[in-house]
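Peer 1: This is the structure, below, for whatever I ask next.
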Amino acid sequence: MSNARAGVGYESKGCLILPGWYLSTRSGGFSIDTTSRLKKSLQAAERQRADVARARRRWIREQGLLDPARLVFIDETAVSTNLTRLRGRAPRGVRVIGSVPLGAWDTVTFVAALRHNKMTAPMVIEGAMTGEIFLAYVEQCLVSTLRGNEIVVMDNCRIHLGTSIQDAIEATGATVRFLPKYSPDLNPIELSYSKFKEFLRKVAARTVPGLTRAIRSFIQQLSARECANYFSHAGYASI
């Protein structure tokens, strides 16, 4: 087994077992599984609750009936000035060394709206998001971008649930819908944030102004096709 781990292969029961191949016992004999170990994709165990599963099924049934041109997905994410690439290159046997601030760094919250063809209403906030700050974002940044027939979709978390937030959005003629609990997979902006953080790791800004410039650059690079793909991957109809 140690030879296989070193990438050499080993012999068992007269068979040569190659690296990445595993023996399994089935029906009293041996068979070879061409499987590999992959990183787990974790999801909330709470999805198994009856109420959550029911709400998710109901939402997924309705996804195909929603006009993607009317959908506006809102969410926030935290980023910091100690981001760096998680992987690098080095000669075989040489450890890849990176450097990041360990003593002090700054964290900001980025919040924006994702449409089927672009990201709009971006805002950077120093520190963590609160219900009061989210209301200010909605009133000062989001509502001016909304049209009367649009549907604003948000995660079902406490800071999004204030009645003043819903009132400010509905005053524009738009409506508000909340995703089922524990369902970030149904919010396409989560997919854009994955690429967003990878971009910021590459930039590795070490000041808040530098981080803000990098965020602005990312928004400008985000294409309509990418946004449409995020919608489609999360289960919403294509345009």
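The values are calculated or read from the model by the stated rules, or taken from the named source; none is laboratory data. Because the structure is a prediction, the values reported are computed rather than measured. Cβ placement follows ideal geometry from the backbone for every residue including glycine, while neighbour counts extend to all protein chains displayed.
Peer 1: Scan region 103-132 for residues that are of a type in the set (G, A, S) and within 16 Å of F196 (Cα to Cα) and jot them down.
Peer 2: Once the filter is applied, which keeps residues that are of a type in the set (G, A, S) and within 16 Å of F196 (Cα to Cα), region 103-132 yields A112, A113, A121.
Peer 1: Quick check on region 133-155. Is at least one of its residues polar (S, T, N, Q), touching a residue at least 24 places away in the same chain (Cβ under 8 Å), in contact with a Ser or Thr (Cβ under 6 Å, 6 or more places away or on another chain) and in a helix (DSSP H, G or I)?
Peer 2: Yes, region 133-155 has at least one match.
Peer 1: Right, next: Can you name the residue in region 204-215 that is in a helix (DSSP H, G or I) and touching a residue at least 24 places away in the same chain (Cβ under 8 Å) and is also nearest to V72 (Cα to Cα) among such residues?
Peer 2: Step one: filter region 204-215 for residues in a helix (DSSP H, G or I), giving 208-215.
Now drop any that are not touching a residue at least 24 places away in the same chain (Cβ under 8 Å), which leaves 208, 210-212, 215.
Values: V208: 27, G210: 28, L211: 25, T212: 23, I215: 20 Å.
Looking at residues that are in a helix (DSSP H, G or I) and touching a residue at least 24 places away in the same chain (Cβ under 8 Å), I get I215.
Peer 1: Continuing with the same structure: Taking the conditions exactly as written (among the hydroxyl-bearing types (S, T, Y), part of a helix (DSSP H, G or I) and surrounded by 15 or more Cβ atoms within 10 Å (Cβ to Cβ)), does Y236 satisfy them or not?
Peer 2: No: the conditions fail for Y236.
Peer 1: Taking the criterion of being more than 22 Å from E62 (Cβ to Cβ), crowded, with 16+ Cβ neighbours inside 10 Å and in the same structural domain as L222 (by TED's automatic domain parsing), would at least one residue in region 173-190 satisfy it?
Peer 2: No: region 173-190 contains no residue that is more than 22 Å from E62 (Cβ to Cβ), crowded, with 16+ Cβ neighbours inside 10 Å and in the same structural domain as L222 (by TED's automatic domain parsing).
Peer 1: If you don't mind, another one. Got at least one residue in region 138-153 being in the same structural domain as W59 (by TED's automatic domain parsing), in contact with a strand residue (DSSP E or B) (Cβ under 8 Å, 6 or more places away or on another chain), charged (D, E, K, R) and loosely packed, with under 14 Cβ neighbours inside 10 Å?
Peer 2: no
Peer 1: When the residues of region 196-212 are narrowed to those that are touching a Leu at 6+ places or on another chain (Cβ under 8 Å) and within 23 Å of L142 (Cβ to Cβ), which ends up surrounded by the most Cβ atoms within 10 Å (Cβ to Cβ)?
Peer 2: Top of the filtered list is L211.
Peer 1: Turning to a different aspect of this structure: Would you pick out the residues in region 63-122 that are in contact with a helix residue (DSSP H, G or I) (Cβ under 7 Å, 6 or more places away or on another chain), in a loop (DSSP other than H, G, I, E, B) and among the charged types (D, E, K, R)?
Peer 2: Once the filter is applied, which keeps residues that are in contact with a helix residue (DSSP H, G or I) (Cβ under 7 Å, 6 or more places away or on another chain), in a loop (DSSP other than H, G, I, E, B) and among the charged types (D, E, K, R), region 63-122 yields R85, D106, R115, K118.
Peer 1: Filter region 213-228 down to residues that are aliphatic (A, V, I, L, M) and more than 11 Å from K118 (Cα to Cα) and give me whichever is surrounded by the fewest Cβ atoms within 10 Å (Cβ to Cβ).
Peer 2: This residue is A214.
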